[in-house]
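One structure is given below, encoded as structure tokens.
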């Protein structure tokens, strides 16, 4: 008899893998589970696919230290055994920190997403006091009409509704680190590079690192 269990993982994706697309990562994960000897359950129907879902895909070029994924396993071993088997086959740049079995039925990770927290490294193009003022001014606005072009489509929206908080973490010799807590839920998600533009940074961020995903239950 097959015992299927829902397994939630907390994992990190580092510099070595930051230029791999989400689609390629979703192809990689099933291979890693098979290599570890862990059987993934498949969806029903003509076009069956592995039952595996990531909470909020990382954009190409970003890194993350607290990514969330759920996978449905068939006849899995205990949590620590499963984590050990999987960790042994992970490529450089990919690590797993925690795992937990959950009830089979329940809301999806994507539906529970509420916020994402980032550390954004930007070129130090202005004095510290000017950057601090730009952050304060943006947070003080009730609305911020915004538009940007993606492919052949121009999006128009209120950027302010996507920003929960921004904090200046530290100034370096040539850079500044900003902490951003942005909306990330089924209705849409804030983009750190767009927030940086709104703060007056003309150059693209030097690095975008996601430090936490906030689920509805975490609030």
### Number of positions in the range 8-42 that are in contact with a strand residue (DSSP E or B) (Cβ under 8 Å, 6 or more places away or on another chain), farther than 16 Å from residue 95 by Cα and either part of a loop (DSSP other than H, G, I, E, B) or assigned by TED's automatic domain parsing to the domain that holds residue 207 (or both)
2
### Query
So residue 155 fits all but one of (1) modelled with pLDDT under 95; (2) under 19 Å from residue 204 (Cβ atoms); (3) surrounded by 15 or more Cβ atoms within 10 Å (Cβ to Cβ); what number is the exception?
(3)
### Query
Take the residues of the range 13-31 that are buried (at least 16 other Cβ atoms within 10 Å of the Cβ) and touching a residue at least 40 places away in the same chain (Cβ under 8 Å): which is nearest to residue 98 (Cα to Cα)?
13
### Query
Which of (1) modelled with pLDDT of 95 or more; (2) more than 25 Å from residue 188 (Cβ to Cβ); (3) touching a helix residue (DSSP H, G or I) at 6+ places or on another chain (Cβ under 9 Å) is the odd one out, the single condition residue 50 does not satisfy?
(1)
### Message
I need the full set of residues from the range 143-154 which are part of a strand (DSSP E or B) and without any contact (Cβ under 8 Å) to a residue 40 or more places away in the chain, in order please.
### Response
145, 147, 149, 150, 153, 154
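Residue under question is residue 213, and the condition is that it be at pLDDT 95 or above and not assigned by TED's automatic domain parsing to the domain that holds residue 58; does it hold?
Numbers: at pLDDT 95 or above: yes; not assigned by TED's automatic domain parsing to the domain that holds residue 58: yes.
Here the answer is yes, as residue 213 does meet what is asked.
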### Query
Does the range 4-13 contain any residue that is modelled with pLDDT of 95 or more and within 20 Å of residue 193 (Cβ to Cβ)?
yes
### Task
Would you check which residues across the range 160-175 are at pLDDT 95 or above and either touching a helix residue (DSSP H, G or I) at 6+ places or on another chain (Cβ under 7 Å) or not assigned by TED's automatic domain parsing to the domain that holds residue 130 (or both) and list them?
163, 166, 168
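For the range 116-137, which positions are assigned to a helix (DSSP H, G or I) and touching a strand residue (DSSP E or B) at 6+ places or on another chain (Cβ under 7 Å)?
128, 131, 132, 135
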### Message
If I ask for residues that are exposed (fewer than 14 other Cβ atoms within 10 Å of the Cβ) and under 21 Å from residue 106 (Cα atoms), which ones from the range 1-12 would you list?
### Response
2, 3
### Query
Here is a list of conditions, (1) free of Cβ contacts under 8 Å to residues at least 12 places away in the same chain; (2) closer than 30 Å to residue 33 by Cβ, and residue 140 meets all of them except one; can you say which number that is?
(2)
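The values are calculated or read from the model by the stated rules, or taken from the named source; none is laboratory data. None of these values were measured; they are calculated from a predicted model. Positions of Cβ are backbone-derived with ideal geometry, glycine not excepted, and every protein chain shown enters the neighbour counts.
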